[in-house]
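Peer 1: First the structure, then my questions, so here it is.
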Amino acid sequence: MVQDCIFCKIVAGEIPSKQVYADDLIIAFHDISPQAPTHILVIPRKHISDMNEASAEDQALLGHMMLRAGEIAAEAGLAESGYRLALNTGPDARQSVFHIHLHILGGRRLTGQMG
Ligand code: DGP
């Protein structure tokens, strides 16, 4: 757990979240500021700041996040209508929380922007 990391605090249960999925490696919960009718974040329990910090040892974990995100999207009813998986890294991508996370966005026709 990293001090002052909001998502580490969510993993630890110190900050509440509307959780939709959890296993021993990852959790998923609704974004506090949804950019689409469905906006869920999938995060690893392990603190990885961003893709720049991810390494080969995280390969299975990142693959697990991606595959579970697809299942969570399907459970949210988005399989047919479609959805976007987004992972922002750094200032040009407007990353605001430096604990790696996948956004699941769907429920309406998305624009070229985040939502
Ligand atoms: P990004 O810009 O890619 O770093 O996205 C961070 C997302 O995290 C943003 O969509 C808002 C969301 N967020 C920030 N703080 C909280 C929080 O305390 N709870 C929840 N559920 N979401 C948060």
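Peer 1: With +1 on each Lys and Arg Cβ and -1 on each Asp and Glu Cβ, how big is the dipole of the chain about its Cα centre, in debye rounded to the nearest 20?
Peer 2: Working: 9 positive and 13 negative charges, 82 e Å.
Its charge dipole is roughly 400 debye.
Peer 1: As a test of the definition: which semi-axes, in Å, follow for segment 38-89 when you take the square root of five times each eigenvalue of its alpha carbon gyration tensor? Largest first, please. Present the calculation step by step, with values, prior to reporting the outcome.
Peer 2: Values: eigenvalues 104, 25, 16 Å².
So the equivalent ellipsoid measures 23, 11, 9 Å along its semi-axes.
Peer 1: What value does the chain have for Rg/Rh, both radii from Cα atoms and Rh as Kirkwood defines it? Intermediate values should be presented prior to the final figure.
Peer 2: On the way: Rg = 13.5 Å, Rh = 14.4 Å.
With Rh from the inverse mean 1/r over Cα pairs, Rg/Rh is 0.94.
Peer 1: Against the empirical 2.2 N^0.38 Å scaling, what ratio does the C-alpha Rg of segment 1-57 come to? Working shown, then result.
Peer 2: On the way: Rg = 11.9 Å, N = 57, 2.2 N^0.38 = 10.2 Å.
My calculation over the Cα atoms of segment 1-57 gives 1.16.
Peer 1: If you don't mind, there's one more thing I want to ask. Report the gain in length on full extension from D23 to R45: 0.36 nm times residue separation, minus Cα-Cα distance, nm rounded to one decimal.
Peer 2: Working: separation 22, 0.36 × 22 = 7.92 nm, distance 0.91 nm.
Going from the current span to full extension adds 7.0 nm.
Peer 1: On a 0 to 90° scale, report how tilted helix 59-75 is relative to the longest principal axis of the chain, with both axes built from alpha carbons and the result rounded to the nearest 10.
Peer 2: 30 degrees
Peer 1: Using only the Cα atoms of segment 59-115, what are the Rg and Dmax in Å?
Peer 2: Just the Cα atoms of segment 59-115 yield Rg and Dmax of 12.2, 32 Å.
Read-outs throughout are calculated quantities, based only on the coordinates presented, and are distinct from any laboratory measurement. All figures in this text were calculated on a predicted structure; none of them were measured in a lab. Note that we place each Cβ from the backbone using ideal geometry, even for glycine, and neighbour counts take in every protein chain shown.
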